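**Q** This is the structure I have questions about; it appears just below.
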Amino acid sequence: MTTLRLASLRTALLLTVLTVASLIGLGPAMAAGPPVSLGEVPALTAPNAYGPGIWHHAKQGKTWYGSYRTFPDTSSYCIDAGKKSPLPKYFKGAKADTVTSARTAWALHEYAGSKSKDVQAALSAMARLDKALPHDHKVPPQKPAGLGKKFAGVAKKYSTILAEAKKFAGPYTLDISLEPVLRMPVLEPYAAPESATSPDSWASDSKDSDRSADKDSPDKPKILGTPTDEATLTVSLTSASGAQVPDVPIALKTAGTTKAPTTLTTGKEPVTTTLQASAPGKLSVTASAKVAPQTVRVFEPTSGTRVQRVVTPDTPDSVTDKASLELISQPKVTTEISDQTPTPGETVTDEFTVSGLIGDHTVTVEHTLWQTATAPKQGTKNDDAREIASVTSKDVGNGTHTSGEVTVPEDYRGWLYFTETIAGDTSTKEWKGIHGQPRETGFVPWTPTADTEAVLEGTSTHDEVAVTGLRPGSEAVLTITAYHVETEPEQSKETAGTELSVQDFTVIADEKGHVEISTEPIDMPVGWVTYVTTIEGSDVNAEWTSDWGVPAETVHRPPEEKPSTPPAPPETPSTPSAPPEQPEQPSTPPEQPEQPEAPEKPETPPVEPVAEAPESPAAPVPELPRTGTTGNGMLIGLGIVLVGLGSTILLISGSRREKD
């Protein structure tokens, strides 16, 4: 009796110890589990069946918030709290059913491999609280925030993961697009505007070439610019909420490209990359990505009783998208004439740069050299534009090239310019350059000259100028400068002497380019005067200047001649010369011949006064150096004759008085 009582006491003590141990949660080391009403019993014989997590003691019993190692290759999470732990032995050969629950599926996909007990406890809470999953809870599930201080870290992770799941859970949309890379506008327009009504309206423009990749979409706006051999690939991965899903690798398969990337990684914004076409034709891209599944796998135990069911992450989903773009070479040609002031008879070439060809595509370029006598307007073909010649450049790719040579006509004056043409085909869009591009234009100026003749009229001079070779109808400024020198000038390019006058004339050439003018007369000094004519250069006429000292432009005025010294006048006549002149006096009385004795008288005292009479005109003697016969000399001579005659008369009269 005593033995039986002792055994009963031992048994009761053992049961009490086991019950207390179970209630205080001593963990997997317990040798036996609690009664059914005390919740999940830790599997003491399989401690490796539990992953990271935390035990929770509820009024209804214990429950494990964490992952299980039910399966060797993934974590599992119970959905029947309070039942037996899902040991691997209960799930041999178990088959999974899938249940759609996008948020839980995303959370398990992203975090099932974490080693953090807080993260795994948070995932466990999400699984047992997910209403989309089947449940048979024996211990009511709770949010981690209500499980006490021990679950504070779990509560934070739970809130974070749940918010992320709401934002990033599927279903997912992978969207890719291809858009042509457009050529930036050039400063110098090489295409006629779309509204152009000029004769150049045939020139290439962007009217039909600037379409988007989706030609079948009439509502898609037109792209401005010209496509090149490149395309922009844009990749976007969005969740059910519309958020961009970052950090997801995107696999790319391309066709018709060169050196294309094979992967891209998504970001918080759509990501882009540039693809370069290898040849004209179709450029295509196929993109694919592995994303979080929208389902979880649910496993039923295959043995045991009252064993929990578990869920595991499902395999990732795949999303794909495709895009393609038809690309043709859309060439553009920029050019520059080799010489913008060519010389007639010389050659010019077209220095041209081709762009817009795809890959190694080559084309044939036709170059035409045009001439026009009127200034070309950009984008307009002048009415008088005529073709000089054409040359062809074959097998031309992208880059800078030089055309063949074209000879400028010997007698040509005016403007000339190149245009270029590339024929269109299935791989190439036609290109036609427009007329009058400034960098493609050269100019051969008119070269006027002047024929001049200097004219001397008395003591004045002027210049007669005839200009030829001006552009018909053009305006020209002529400057005629007169120079004076003391010695005869020799023709030279350099001017010399004293500038006498400068006269400017603004003239208009006639239909033959001729014009004639006469300068205003100027005083002609003694010496030589030579004229220099300058035709001022303009935008159409070249500058021209005549030489200095051209004989036809030179006149000469000699100094006045001085008379030579004449011979000295005859000496004053003596007294004996007087008698021969007496017969010339009409006043001589008739009785004079009756006085023959007059010369016999020795007494002739009055003769001396007569001799003194001729000395009165002695004053003119200093006049003898004068040359030639002058009026004064004649008067003096006449006076001497008269004085002598008077003296003779006095002598005769005096003799007669003496006789009386």
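**Q** Across region 309-343, what is the total count of residues that are touching a helix residue (DSSP H, G or I) at 6+ places or on another chain (Cβ under 9 Å) and outside any strand (DSSP E or B)?
**A** Result for region 309-343: 3.
**Q** If I filter region 349-369 down to residues being farther than 13 Å from Thr392 by Cβ and surrounded by 22 or more Cβ atoms within 10 Å (Cβ to Cβ), which single residue comes out as modelled with the highest pLDDT?
**A** Here the residue is Val354.
**Q** Anything in region 375-412 that is in contact (Cβ under 8 Å) with a residue 60 or more places away in the chain and charged (D, E, K, R)? List them, or say none.
**A** Lys381, Glu410, Asp411
**Q** Go through region 449-470 and give me each residue that's buried (at least 21 other Cβ atoms within 10 Å of the Cβ) and not in a strand (DSSP E or B).
**A** Across region 449-470, the qualifying residue is only Leu470.
**Q** Give Thr461, Thr481 a once-over and let me know the one that is over 30 Å from Glu561 (Cβ atoms), at pLDDT 90 or above and over 43 Å from the mean Cα position of the chain (by Cα). Walk me through how you get there before you give the answer.
**A** On the way: Thr461 fails: over 30 Å from Glu561 (Cβ atoms).
The conditions single out Thr481.
**Q** For Thr104, state whether it is part of a helix (DSSP H, G or I), β-branched (Val, Ile, Thr), modelled with pLDDT of 95 or more and within 56 Å of the chain's Cα centre (by Cα).
**A** No, not satisfied.
**Q** Hey, another quick one. Tally time: how many residues in region 517-546 are closer than 27 Å to Phe443 by Cβ and of a type outside the set (Val, Ile, Thr)?
**A** Residues that pass the stated criteria total 9.
**Q** Only residues in region 74-98 that are acidic (Asp, Glu) count as the first member; pair them with residues that are not in a loop (DSSP other than H, G, I, E, B), Cβ under 7 angstrom, at least 6 apart or cross-chain, and list the lot.
**A** Listed pairs, sorted by first residue: Asp97/Val298.
**Q** A further question on this structure: Run His556 past the list (1) surrounded by 17 or more Cβ atoms within 10 Å (Cβ to Cβ); (2) part of a strand (DSSP E or B) and report the number of the one that doesn't hold.
**A** (1)
**Q** Would you confirm whether or not region 76-83 contains a residue that is at pLDDT 95 or above and surrounded by fewer than 19 Cβ atoms within 10 Å (Cβ to Cβ)?
**A** no
**Q** Does Lys59 meet the test of being farther than 30 Å from Ala105 by Cβ, modelled with pLDDT of 65 or more, of a type in the set (D, E, K, R) and in the same structural domain as Val154 (by TED's automatic domain parsing)?
**A** Here the answer is yes, as Lys59 does meet what is asked.
**Q** Separate question: Does any residue of region 314-335 turn out to be more than 30 Å from Thr257 (Cα to Cα), of a type in the set (A, V, I, L, M) and modelled with pLDDT under 95?
**A** no
Matching residues to (1) basic (Lys, Arg); (2) surrounded by fewer than 20 Cβ atoms within 10 Å (Cβ to Cβ); (3) modelled with pLDDT of 95 or more:
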position	(1), (2), (3)
Ser501	no, yes, no
Lys512	yes, yes, no
Val515	no, no, no
Asp523	no, yes, no
Gly527	no, yes, no
Asn541	no, no, no
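**Q** While we're looking at this one, here's another question. Scan region 149-169 for residues that are in contact with a strand residue (DSSP E or B) (Cβ under 8 Å, 6 or more places away or on another chain) and either exposed (fewer than 15 other Cβ atoms within 10 Å of the Cβ) or at pLDDT below 95 (or both) and jot them down.
**A** Correct list: Lys150 only.
**Q** Can you pull out the residues in region 370-406 that are surrounded by fewer than 17 Cβ atoms within 10 Å (Cβ to Cβ) and of a type in the set (Gly, Ala, Ser)?
**A** Selection gives Ala373, Ala375, Ala389, Ser390, Gly397, Gly399, Gly404.
**Q** Somewhere in region 70-81, is a residue assigned to a helix (DSSP H, G or I) and of a type in the set (Asp, Glu)?
**A** Within region 70-81, the first condition is being assigned to a helix (DSSP H, G or I), and the residues that meet it are none.
No; the residues of region 70-81 include none that is assigned to a helix (DSSP H, G or I) and of a type in the set (Asp, Glu).
**Q** OK, next. Search region 522-537 for residues being in a loop (DSSP other than H, G, I, E, B) and in contact with an Asp or Glu (Cβ under 7 Å, 6 or more places away or on another chain), and hand back the single one that is farthest from Thr461 (Cα to Cα).
**A** Gly537
**Q** If Gln371 satisfies all but one of (1) over 26 Å from the mean Cα position of the chain (by Cα); (2) assigned to a loop (DSSP other than H, G, I, E, B), what's the number of the condition it fails?
**A** All conditions pass for Gln371, except number (2).
**Q** Further question: Restricting attention to region 261-290, and to residues there that are outside any strand (DSSP E or B) and without any contact (Cβ under 8 Å) to a residue 24 or more places away in the chain, which single residue is surrounded by the fewest Cβ atoms within 10 Å (Cβ to Cβ)? Give the steps one after another, and end with the answer.
**A** First pass over region 261-290, keeping only residues outside any strand (DSSP E or B): 261-262, 266-270, 278-280.
Keeping just the survivors that are without any contact (Cβ under 8 Å) to a residue 24 or more places away in the chain gives 261-262, 267.
Details: Pro261: 13, Thr262: 9, Gly267: 15.
This residue is Thr262.
**Q** If you scan region 344-363, which residues turn out to be of a type in the set (Val, Ile, Thr) and either assigned to a loop (DSSP other than H, G, I, E, B) or on the phi > 0 side of the Ramachandran plot (or both)?
**A** Step one: list which residues in region 344-363 are of a type in the set (Val, Ile, Thr), which gives 347-349, 353-354, 358, 362-363.
Selection gives Thr349, Ile358, Thr362.
The values are calculated or read from the model by the stated rules, or taken from the named source; none is laboratory data. None of the values given here were measured: they were computed from a predicted structure. Positions of Cβ are backbone-derived with ideal geometry, glycine not excepted, and every protein chain shown enters the neighbour counts.
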